[in-house]
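Below is one structure, written out as structure tokens; the observations come after it.
The values are calculated or read from the model by the stated rules, or taken from the named source; none is laboratory data. Owing to the predicted nature of the structure, the values given are computational and were not obtained by experimental measurement. Glycine also receives a Cβ, built like all others from the backbone with ideal geometry; neighbour counts cover every protein chain displayed.
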Amino acid sequence: MSRLERIIWIDLILSSILSAGAYALGSQGIVAFICILAGCAWIVAFQRRWQWAGNLILIGAFLITASGVVLQFNPYLLAFSFLAALNGWDLIHFSIRVAAADRVNDLTGTQNVHLRKLLEVDIFSSLLMVLALTVQLRLPFGWILLLGMATVIVLTRLIKAIQNQNL
Amino acid sequence: MNRFWLLFVLATVDFLVALILRNGAVAVLAVPLLIYLAAGLQAMPENVSIDAVQVLDQNLVNPGDPVNAIVTITNHGSRIDELEVHIPLNPGLDRIEGPAAVLTQLAPEQTGQFALTFTGSRGVYKLPDIEVVTRDVFGLFSHSLSLPQSGRVTIPPSPDRLRRLPIRPLETRGFAGPIPSRLGGSGTDFFDVREYQLGDPLRRVNWRITARQNRGLYTNDYELERTANVGLILDARQSSNIEIGQDTIFEYSIAAIAALAAMFLNDGNRVGLLTYGYGMEWVFPGYGKVQQDRILRALAKAETGHNFSLDSLENLPVRLFPAKSQIVMVSPLSQSDAETLVRLRARGYEVLMICPDPISFELKKTPHIRADDPAVRLARIERRLVVNQLKQSGIQLLNWDVDLPLEQILRSAQFYRGSRLNLSEKPV
């Protein structure tokens, strides 16, 4: 098993265990079991190179974690579970791109660059998530609406910029 | 679904749910998504400018010989974290070594080189464009480029060696060669007896006739041997060339023309080639190795094609060939061709037809059709009628079962009868 595959396995197992743990702590054993099953299904899909399964399972992981947060289970476990799922999803796509090439120039270097960038995303996301979950701010609805609109405007501009670049 | 849009939709849905439920913890799930997207956006190459050059070690090779190519990719833009290079090959070329797709990363002004080796069958191949896909480190944004290539590789047919064919055109050229010229002079074959002329060598005096006539000396004359004008015609009409899957009888015609051209040119003849199919490709007659190279190059790019105006041989431009010269046509022969060929013969051309047999070819390729099938028998009878008509008009015709080498067929037919090929005994 290559280093990349080991990391993917760790990510997928971590993601399912964390979400299962969050549900188990909230006395939802059946959902916890479903989380474990979903993790196993993802591992099988990865081993069998089912490309179509990756996006579906990421959406599933998002739904499971979001539902857990809404049901007020442990948000830290759920947030990190989703982060691990995102990592696994990204690395599976990366491994597919690597496998599709007949030859990879400097495979270790390419993997290292990718893993380093992903680690940066993980560290930054973890800090922000912990900060967001720890610091509780009460914003009036008007502020929330304003922030929401600002987000929409920024995202719209971003999309236009991306479309202009034909990417 | 595009990966960027998937994450974007998830983040947006998450925000909306958080806003509706007024639950900040739900919004936290969007944080890794947004940071991931932002990291991908930040790592996206700002300007993409890539050069690709494919250099071949040789542009003219024999079928099956390996060609080495070096592909050099240069990045003139900003850093590319993931560069996927696709190096396709034309149909007809086979990759022996080297990757079809390479994943690499290139710093600004950095160059990557990839080697590949391929072989191919007969043809002229323009190297296809090299496709490159640039991506950010997470593969969220990609940009595809097609980099045109100007290289070209020509794979002419490799001519088989053939024994000399005893052709006998009505007129020959002025240079010494192997073809009997129907003129008396110095040679090896006895031609005539004439009265002695001053300067004739004594050993050529025919003493027996001299003694019998008792009026002076008589000298043996021998047949002059000269070179000739030979016009090769390749039938490239789609209607007369059968294609079954990947196999086509046209390839056998090409091989025959290549071998005949080499043989006639080696004997010092002046040879031209007309390819009659979609259009008319004409290689002006010439001598020697250079002419052989020209003919092989023309054969390399020869393809069958359909053209309504050239569907029959009626528009065959016979005036291209010198009068009373030898014409050698390689054609599977269709029923409507007979009339034109007879007319060609009537104009004084010596015509030799080499006909790859389409019926045998089709029978071999389609095993479910039996040889004694009424349709097959009818086709054979029809063909025999055409062949007989052509033979009666003085055209030499060789029916070629393409499973056998042309040399073997020619040898089996080379029982001389007045220096002409005896091609009549083989059943069609």
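Condition first: in a helix (DSSP H, G or I), touching a residue at least 40 places away in the same chain (Cβ under 8 Å) and basic (Lys, Arg). Now tell me which residues in region B:243-300 satisfy that.
Listed by number, the list holds a single entry, B:ARG297.
All but one of (1) under 30 Å from A:ALA150 (Cα atoms); (2) surrounded by 17 or more Cβ atoms within 10 Å (Cβ to Cβ); (3) not hydroxyl-bearing (Ser, Thr, Tyr) hold for B:VAL102; which doesn't?
Of the numbered conditions (1) under 30 Å from A:ALA150 (Cα atoms); (2) surrounded by 17 or more Cβ atoms within 10 Å (Cβ to Cβ); (3) not hydroxyl-bearing (Ser, Thr, Tyr), the odd one out for B:VAL102 is (1).
I'm trying to understand the selection: among the residues of region B:338-359, which are touching a helix residue (DSSP H, G or I) at 6+ places or on another chain (Cβ under 6 Å) and not hydrophobic (A, V, I, L, M, F, W, C)?
Listed by number, the residues that qualify are B:THR340, B:PRO356.
Say whether the condition of being farther than 30 Å from B:ASP293 by Cβ, more than 12 Å from chain A (Cβ to nearest Cβ) and among the charged types (D, E, K, R) is met by at least one residue in region B:67-85.
no
Looking at A:LEU25, A:LEU18, A:LEU12, can you tell me which residue is in contact with a Ser or Thr (Cβ under 6 Å, 6 or more places away or on another chain) and among the aliphatic types (A, V, I, L, M)?
Numbers: A:LEU25 fails: in contact with a Ser or Thr (Cβ under 6 Å, 6 or more places away or on another chain); A:LEU12 fails: in contact with a Ser or Thr (Cβ under 6 Å, 6 or more places away or on another chain).
Just a single option satisfies the conditions, and that option is A:LEU18.
Before we move on, is A:ARG48 of a type in the set (D, E, K, R) and surrounded by 13 or more Cβ atoms within 10 Å (Cβ to Cβ)? Please lay out each step first, then the result.
On the way: of a type in the set (D, E, K, R): yes; surrounded by 13 or more Cβ atoms within 10 Å (Cβ to Cβ): no.
No: the conditions fail for A:ARG48.
Count, please, the residues in region B:49-88 that happen to be out of contact with any helix residue (DSSP H, G or I) (no Cβ under 9 Å at 6 or more places or on another chain) and surrounded by 18 or more Cβ atoms within 10 Å (Cβ to Cβ). So that I can check it myself, show each step before the final result.
Quick first cut of region B:49-88, residues out of contact with any helix residue (DSSP H, G or I) (no Cβ under 9 Å at 6 or more places or on another chain) only: B:49-59, B:61-80, B:83, B:85-88.
Keeping just the survivors that are surrounded by 18 or more Cβ atoms within 10 Å (Cβ to Cβ) gives B:50, B:52, B:54, B:61, B:67, B:69, B:71, B:73, B:75, B:80, B:83, B:85-87.
Here the count works out to 14.
Output the residues belonging to region A:97-119 that are under 24 Å from A:ILE57 (Cβ atoms) and either within 9 Å of chain B (Cβ to nearest Cβ) or out of contact with any helix residue (DSSP H, G or I) (no Cβ under 8 Å at 6 or more places or on another chain) (or both). Spell out how you get there, then give the answer.
Just the residues of region A:97-119 that are under 24 Å from A:ILE57 (Cβ atoms), to begin with: A:97-100, A:111, A:114-115, A:117-119.
Those that are under 24 Å from A:ILE57 (Cβ atoms) and either within 9 Å of chain B (Cβ to nearest Cβ) or out of contact with any helix residue (DSSP H, G or I) (no Cβ under 8 Å at 6 or more places or on another chain) (or both): A:ARG97, A:VAL98, A:ALA99, A:ALA100, A:HIS114, A:LYS117, A:LEU118, A:LEU119.
Kindly establish whether B:ALA228 is surrounded by 15 or more Cβ atoms within 10 Å (Cβ to Cβ) and at pLDDT 90 or above.
On the way: surrounded by 15 or more Cβ atoms within 10 Å (Cβ to Cβ): yes; at pLDDT 90 or above: no.
Spelling it out, it is not the case that B:ALA228 is surrounded by 15 or more Cβ atoms within 10 Å (Cβ to Cβ) and at pLDDT 90 or above.
Condition test on B:LEU363, is it within 22 Å of B:ILE257 (Cα to Cα), in contact with a helix residue (DSSP H, G or I) (Cβ under 9 Å, 6 or more places away or on another chain) and not aromatic (Phe, Trp, Tyr)?
Details: within 22 Å of B:ILE257 (Cα to Cα): no; in contact with a helix residue (DSSP H, G or I) (Cβ under 9 Å, 6 or more places away or on another chain): yes; not aromatic (Phe, Trp, Tyr): yes.
So B:LEU363 does not fit the description; no.
Tell me, which residue of region B:116-160 that is of a type in the set (A, V, I, L, M, F, W, C) and within 27 Å of the chain's Cα centre (by Cα) is surrounded by the most Cβ atoms within 10 Å (Cβ to Cβ)? Give the derivation first.
Of region B:116-160, the ones of a type in the set (A, V, I, L, M, F, W, C) are B:116, B:118, B:124, B:127, B:130, B:132-133, B:137-138, B:140-141, B:145, B:147, B:153, B:155.
Next cut, within 27 Å of the chain's Cα centre (by Cα) only: B:116, B:118, B:124, B:127, B:130, B:153, B:155.
Details: B:LEU116: 18, B:PHE118: 20, B:VAL124: 17, B:LEU127: 20, B:ILE130: 21, B:VAL153: 21, B:ILE155: 25.
The extreme case among them is B:ILE155.
Here is a list: B:ASP247, B:ASP235. Which entry is modelled with pLDDT of 90 or more, within 28 Å of B:THR366 (Cβ to Cβ) and of a type in the set (D, E, K, R)? If you could, list the steps in order and put the result at the bottom.
Working: B:ASP247 fails: modelled with pLDDT of 90 or more.
After applying the criteria, what remains is B:ASP235.
Give the residues of region B:105-143 that are hydroxyl-bearing (Ser, Thr, Tyr), at pLDDT 90 or above and more than 15 Å from B:PRO63 (Cα to Cα), sorted by residue number.
B:THR111, B:THR134
If I go through region B:33-43 residue by residue, how many of them are facing another protein chain (nearest Cβ under 7 Å) and closer than 20 Å to A:THR110 by Cα?
Here the count works out to 3.
For region B:11-32, enumerate the residues that are within 14 Å of A:THR151 (Cα to Cα) and facing another protein chain (nearest Cβ under 7 Å).
Step one: of region B:11-32, the residues within 14 Å of A:THR151 (Cα to Cα) are B:11-16, B:18-19, B:27, B:30-31.
Result: B:ASP14, B:PHE15, B:LEU19, B:VAL31.
Step by step: first the residues of region A:57-101, then only those that are of a type in the set (A, V, I, L, M) and not in a helix (DSSP H, G or I), then the one that is farthest from B:VAL102 (Cα to Cα). Which residue is that? It would help to see each step written out before you state the result.
Kept after step one, since they are of a type in the set (A, V, I, L, M), are these residues of region A:57-101: A:57-59, A:61, A:63-64, A:66, A:69-71, A:77-79, A:83-86, A:91-92, A:96, A:98-101.
Still in the running and not in a helix (DSSP H, G or I): A:71, A:101.
Numbers: A:LEU71: 47, A:ALA101: 5 Å.
Filtering region A:57-101 for residues that are of a type in the set (A, V, I, L, M) and not in a helix (DSSP H, G or I), the one farthest from B:VAL102 (Cα to Cα) comes out as A:LEU71.
For region B:38-88, give me the residue count where each residue is of a type in the set (S, T, N, Q) and outside any strand (DSSP E or B). Give the derivation first.
Here is the first cut: in region B:38-88, the residues of a type in the set (S, T, N, Q) are B:42, B:47, B:49, B:54, B:58-59, B:62, B:68, B:72, B:74-75, B:78.
Imposing the further condition that a residue be outside any strand (DSSP E or B) reduces the set to B:42, B:47, B:49, B:58-59, B:62, B:78.
Residues flagged as of a type in the set (S, T, N, Q) and outside any strand (DSSP E or B) within region B:38-88 amount to 7.
If we keep just the residues of region A:131-146 that are under 24 Å from the mean Cα position of the chain (by Cα) and more than 9 Å from chain B (Cβ to nearest Cβ), which is farthest from A:PHE82 (Cα to Cα)?
Of all residues in region A:131-146, those under 24 Å from the mean Cα position of the chain (by Cα) come to A:131-136.
After this cut, where a residue has to be more than 9 Å from chain B (Cβ to nearest Cβ) as well, the list is A:131, A:134-135.
Values: A:LEU131: 16, A:THR134: 18, A:VAL135: 20 Å.
Within region A:131-146, the match that is farthest from A:PHE82 (Cα to Cα) is A:VAL135.
Tell me, yes or no, whether region A:130-151 has at least one residue that is closer than 20 Å to B:ASN2 by Cα, in a helix (DSSP H, G or I) and at pLDDT below 90. Don't jump to the end; show me each part of the working.
Going residue by residue through region A:130-151, those that are closer than 20 Å to B:ASN2 by Cα are none.
No; the residues of region A:130-151 include none that is closer than 20 Å to B:ASN2 by Cα, in a helix (DSSP H, G or I) and at pLDDT below 90.
Please go through region B:74-122 and pick out each residue that is of a type in the set (Phe, Trp, Tyr) and over 22 Å from A:GLN111 (Cα atoms).
Start the filter on region B:74-122 by keeping residues that are of a type in the set (Phe, Trp, Tyr), which leaves B:114, B:118.
Hit for region B:74-122 is B:PHE118, nothing else.
Evaluate region B:384-404: report whether one residue or more is modelled with pLDDT of 85 or more, assigned to a helix (DSSP H, G or I) and among the small types (Gly, Ala, Ser).
Taking region B:384-404 as the starting set, the residues that turn out to be modelled with pLDDT of 85 or more are B:384-404.
With the extra rule that they be assigned to a helix (DSSP H, G or I), the set shrinks to B:384-392.
Of the ones still in play, those that are also among the small types (Gly, Ala, Ser) are none.
No.
Would you call A:ASN87 modelled with pLDDT of 85 or more and either touching a Phe, Trp or Tyr at 6+ places or on another chain (Cβ under 8 Å) or crowded, with 19+ Cβ neighbours inside 10 Å (or both)?
Spelling it out, A:ASN87 is indeed modelled with pLDDT of 85 or more and either touching a Phe, Trp or Tyr at 6+ places or on another chain (Cβ under 8 Å) or crowded, with 19+ Cβ neighbours inside 10 Å (or both).
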